[in-house]
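Bear in mind these aren't lab numbers, they're just calculated from the coordinates by the rules spelled out. Note that the coordinates shown come from a computational prediction; the quantities given were computed from them, not determined experimentally. Here the Cβ positions follow ideal geometry from the backbone for every residue, glycine too, while neighbour counts run over all protein chains shown.
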Amino acid sequence: MKLSELQDKDIVNINDGKKIGKIVDAKINSEGFIEYLVVDERRNIRNILSSNSDINISFKQIKRIGSDVILVEL
């Protein structure tokens, strides 16, 4: 699967069922492996003025990748 295909999927936290956001980037280590995915947090009234709204999600936190959604445990 390509990163561009992952970017089209919604990220949902399985602990509370809330949509987190979309993948905007990936951190690659010096060996060429993905360390974590960078998700632009879905903005709402509480965090609209926040300057840092990115969440880093490691592959250990990903529980399932579906056709439309990526389920994560945060």
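A few remarks follow.
- Sparse packing (at most 14 other Cβ atoms within 10 Å of the Cβ) combined with a DSSP loop state is found for the following GluC sites (Glu not before Pro) in region 7-42: E31.
- Phi angles of region 31-38 translate, via the Karplus equation with coefficients 6.51, -1.76, 1.60 and θ = phi - 60°, into HN-Hα couplings of 8, x, 9, 6, 7, 7, 9, 9 Hz per residue; Gly and Pro are given as x.
- Built amide H within the under 5 Å cut-off of E41, gap 5+: D54, I55
- Under a Gaussian network description of the chain, with springs only between Cα atoms under 10 Å, the residue in I62, I23, I11 that fluctuates furthest is I62.
- Whether the chain is rounded, prolate or oblate, judged on the alpha carbon gyration tensor where a/c under 1.5 counts as rounded: oblate
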